[in-house]
Amino acid sequence: MTGEGADIGALRAYAEELRNTFMRLEKEGPAVHAKARALRVTEKSPDGLVTATVDARGELLRLDLDPRIYRRQDARGLADAITRTVQRAAEKARDRVVEMFEHLIPPEQMRAHIDGDLEAVLEQMSRQMPQED
């Protein structure tokens, strides 16, 4: 096929791909979403004095500090350890959510959605659409 016929064929194929993706999301999405919402990730600092638990969005749910932290008089060091531990837990949670949805949504698309990167989402969608000559 050349010209307009090829364009129509490509658009039909793209529409069918979108339809199939939508049907899979509609069927499997709610269960995966529920599983992701229940996700909890716990991370410990390298010295074991800080333990942080976050949810799927990376929001801090629990912070535990080992009593041994009071032996040190380094408030800045403690604050940095807490920040790094929470960040690592949040990154692991994000990666786990991406893995959970991987069979439904391409990982790069899911990361862009999680990050709220509309430009990346639109760019990815644009790349999937048939291009005009």
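What follows is calculated from the coordinates using simple rules that are stated; it is not laboratory data. This is a predicted model, so every value here is computed, not measured. Reconstructed Cβ throughout: ideal geometry from the backbone, glycine too, with neighbour counts over all protein chains shown.
Identify, among Gln87, Ile8, Thr53, the residue whose Cα sits farthest towards the positive end of the charge dipole of the chain, taking +1 on the Cβ of Lys and Arg and -1 on the Cβ of Asp and Glu, with the dipole about the Cα centre.
Checked the options; the winner is Thr53.
Given DSSP loops and a limit of at most 16 other Cβ atoms within 10 Å, what is the longest stretch of the chain that contains no such trypsin sites (Lys or Arg not before Pro)?
It works out to 73-133.
Only four residue types carry charge here, +1 at the Cβ of Lys and Arg and -1 at the Cβ of Asp and Glu. Report the dipole size of the chain about the Cα centre in Debye, rounded to the nearest 20.
So the magnitude is around 1080 debye.
For Lys44, give me every one of the lysines with a C-alpha distance below 24 angstrom, ignoring sequence neighbours fewer than eight places off in its own chain.
Filter leaves Lys35, Lys92.
Taking 30 Å as R0, compute the FRET efficiency from the Cβ-Cβ separation of Asp80 and Leu39 and round it to 0.05.
Once rounded, the FRET efficiency stands at 0.70.
For segment 91-119 and segment 69-89, write down the distance between their C-alpha centroids in whole Å.
Computed from Cα coordinates, the inter-centre distance equals 28 Å.
Fully extended, how many nm does the chain gain between Tyr70 and Ile8 (0.36 nm per residue separation, minus their Cα-Cα distance)?
Between Tyr70 and Ile8, full extension yields 15.4 nm more.
Would you tally the net charge around Phe101, using a Cβ to Cβ cut-off of less than 13 Å, leaving Phe101 out, and scoring K and R as +1, D and E as -1?
+1
GluC sites (Glu not before Pro) within segment 1-110: which are DSSP loop residues with at most 14 other Cβ atoms inside 10 Å?
Answer in residue order: Glu59, Glu102.
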